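Before any comments, here is the structure.
The values are calculated or read from the model by the stated rules, or taken from the named source; none is laboratory data. Small disclaimer: the values here were computed from a predicted structure and weren't measured. As a convention, Cβ positions derive from the backbone with ideal geometry for all residues, glycine included, and neighbour counts pool all protein chains shown. Areas reflect the complete protein model, heavy atoms only, side chains present, ligands, DNA and RNA absent. Shrake-Rupley method; radii C 1.70, N 1.55, O 1.52, S 1.80 Å.
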Amino acid sequence: MLTSAMLAFAGAGAAAPAAAQAAKLPAYLDARLPVHKRVEDLLSRMTLDEKIGQMTQAERAAVTPEDITRYRIGSVLSGGGSTPTPNTPQAWADMYDQFQRAALATPKRIPMIYGVDAVHGHNNLVGATIFPHNIGLGATRDPELVKKIGRATAEEVAATGVDWTFAPCLCVARNDRWGRTYESFGEVPELPAAMSVIVDGFQGRKLNGPTSILATAKHYVGDGGTTGGVDQGDTQVSEAELRRIHLPPFRAAVKRGVGSVMVSFSSWNGVKMHGHRYLITDVLKKELGFKGFVVSDWNGIDQIDGQPGFTPQEVSTAINAGIDMVMVPYDWRKFIDTLRAEVRAGHVSMARINDANRRILTKKFELGLFERPFADRRHQRTIGSAEHRALARRAVAESQVLLKNKGNVLPLSRHHNKIFVAGKAADDIGIQSGGWTITWQGSPGAITPGTTILEGIRQTVGKSTTVDYSKDGSGIDGSYKAAIAVVGELPYAEFEGDRPGEMGLDAEDLQTIERLRASGVPVIVVLVSGRPLDIAKELPGWDALVASWLPGTEGRGVADVLFGVTKPTGKLPMTWMASADQQPINRGDGKKPLFPFGYGLTYRR
Ligand code: GLC
């Protein structure tokens, strides 16, 4: 079978006698051969510069198609929020195809691979289904659901051409001060390990399936265990604890055949992970048997020596540690020149260069990129589809954790009721979606189509029920039967979300709740946050509390639980502190929490 790539390579017209053409083509373009033979054949034909190009990943905004061709660059990424204009599925697919055509214009016609952070849906794309962030998915304790979410996400991502997601984050968040706590499925290794099943969803039954995308287990290893919960900080634990707490989710993902692993910015006992040969090569690749490729994090190799920028020493240290592809968003020319010089100086062996290329090319062949290099737009109708949004709504409902329900004030009646809704997070898609949504940090506002929690409440109640709303609670009086305060954290990502100080509600939220409480009406607090918050002091004044986490676009799932359409089944994925000074606080550490890991109420009737 002659693929379009084979014919194009041969420069043949479709009419050319197939057999004659096949005879002239290099083996690596013959899809009938086993992948390892295709890899070896291609490797044997590649120049050093072509091999270095395969190990280079550039940011889309810092590279042109001409650069891709000229420098043989093998991968492009969208950093958080880096999108084509307009930000539409068609524009994504056109952008992808333009970069791909450039890659195929190189002498060996090696297709590029394009990666994005689809960490809770295709979250850079306006109109995509945005699922709950991992902390909420951990609360569901439902791996089958999480696998379905991976599959739905892959459909939406693949429809725009993109081949690879930098997900799942399999971090084990041990200190809730960490700005990436919401990217963790839970504080104990067995939860992220169980939820690594999302890899099967992303990668599909076959990696070359029409909507399969490569998954990434990240950030290897110990990113959630840093002292003080400082993002990109130092995980100061024994090897036994590192293996007991932080390694199991990666072992599980490797067993599932995860195609790539991303190295953590953090350090282990003072040594940067990006230069850690023992953990990357000896443990991940040899002991765990990881056969995919290892990618650095964003400019991650710059951090090895603690100085800005990267040096020849850092480049050789990172590659010799076992990093196969370097995410060097802007300085990719300098990286290419530096690595070439390091190889010629004998600081990086050709064996290491070839191993990195074997790993990368194996995944490109397995993905089917040589046979089907361009965006398959047939699945664009799945983007933001009713089916995917229904799945997300189910995930939102299953992720809600009922922590207090005084006098069984919940579930609320849908009929003949009079309800007041307040709070900055009640009617705001951006806040309920959190970071990594449309932009890197996320933002408040109507940033993408979806259903706010308030809209979900209004859609759930019957005509005989009144629902009034004001953001700050003004206008409430004793005539209402219940008040719902939807409050919590404004969006953030990574280190911008670290909370080294207090961890309570902000003044705006506290004032809103007090205004509601002053009316004498029962107050139900719905907490939209990326982590447990320090609310023990205020809790006695609340009639009910629901941890909603960061639900994403389908806010109606929250109303499903508030009105009993779905009973609450969520269980805490993180121990809930009694006060911020208890951090880190985790299951089994002997500290007395406000609510323990695994806690969650349901409705009696
Ligand atoms: C970021 C994050 C990583 C992400 C990468 C690409 O800094 O640490 O999780 O995949 O850069 O956006």
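For the range 431-441, 3J(HN,Hα) computed residue by residue from phi via the Karplus equation (6.51, -1.76, 1.60; θ = phi - 60°) reads 5, 6, 8, x, x, 6, 9, 6, 10, 4, 7 Hz, glycine and proline entered as x. Proximity of backbone amide H atoms, modeled 1.01 Å from N, is registered between Tyr599 and Leu572 at under 5 Å, excluding neighbours fewer than 5 places apart on the same chain. The calculated FRET efficiency for Thr47 paired with Gln90, based on their beta-carbon distance and R0 = 51 Å, is about 0.90.
To the nearest 10 degrees, how steeply does helix 332-344 sit against the main Cα axis of the chain, on a 0 to 90 scale? So the helix axis and the longest Cα principal axis differ by about 50 degrees. In sequence order, the range 451-458 has phi-based couplings of 10, 6, 4, 4, 4, x, 5, 5 Hz under the Karplus curve 6.51 cos²θ - 1.76 cosθ + 1.60, θ = phi - 60°, and Gly or Pro positions carry x. With all projection directions averaged, the alpha carbon convex hull of the chain covers 26.9 nm². Remark: spin-label model distance Glu508-Asp331 equals 3.8 nm, labels positioned 7 Å along the Cα→Cβ axis. If you take the Cα centroid of the range 533-586 and the Cα centroid of the range 118-154, the two points sit 19 Å apart. Charged neighbours of Met327, selected by a Cβ distance under 10 Å, balance to -2 (K, R count +1; D, E count -1).
By the rule of a C-alpha distance below 13 Å, with chain neighbours fewer than 8 residues away ignored, the aspartates and glutamates paired with Lys206 are Glu366. Taking amide H as placed 1.01 Å from N in the peptide plane, Leu412 has its amide H under 5 Å from the amide H of Phe563, Gly564, each at least 5 places away in sequence or on another chain. Exceeding 28 Å between C-alpha atoms, which entries from my cross-link table qualify? They are Lys218/Lys424; Lys108/Lys147; Lys334/Lys364. Over 28 Å Cα-Cα: Lys218/Lys424; Lys108/Lys147.
A DSSP coil position with no more than 15 other Cβ atoms inside 10 Å describes the following trypsin sites (Lys or Arg not before Pro) in the range 467-553: Lys537. Among the trypsin sites (Lys or Arg not before Pro) in the range 171-217, those placed in a DSSP loop whose Cβ has at most 15 other Cβ atoms within 10 Å are Arg205, Lys206. In this calculation the C-beta distance from Lys291 to Val230 is compared with R0 = 30 Å, giving a FRET efficiency of 0.35. Solvent exposure of the range 46-381, expressed per residue, is 30 Å² of accessible area, with all protein chains present and a 1.4 angstrom probe. What aspartates and glutamates sit close enough to Lys286 to cross-link, taking a C-alpha to C-alpha distance under 18 Å and skipping anything fewer than 8 places away on the same chain? Cross-link targets: Glu239, Asp324, Asp355. Here is the result for the range 462-517: no chymotrypsin sites (Phe, Trp or Tyr not before Pro) lie in DSSP coil with at most 10 other C-beta atoms within 10 angstrom of their C-beta.
Could you tell me how many degrees, from 0 to 90 and to the nearest 10, lie between the Cα long axis of helix 312-321 and the main elongation axis, the longest principal axis, of the Cα atoms of the chain? It works out to around 80 degrees. A Förster distance of 35 Å, applied to the separation of the beta-carbon atoms of Thr64 and Asp468, puts the FRET efficiency at 0.05. Amide H contacts of Asp498 (H built 1.01 Å from N, in plane; Pro and chain starts excluded): Gly179 sit under 5 Å, all sequence-distant by 5 or more or on other chains.
Relative contact order of the chain, taken over Cα pairs closer than 8 Å and 6 or more residues apart, is 16 percent. Only Lys, Arg, Asp and Glu carry charge here, each on its Cβ (+1 for the first two, -1 for the last two); on that basis the chain has a dipole of about 2000 debye about its Cα centre.
Excluding same-chain neighbours fewer than eight residues apart, the lysines reachable from Lys418 by a Cα-Cα span under 30 Å are Lys404, Lys406, Lys463, Lys471, Lys481, Lys537, Lys567, Lys571.
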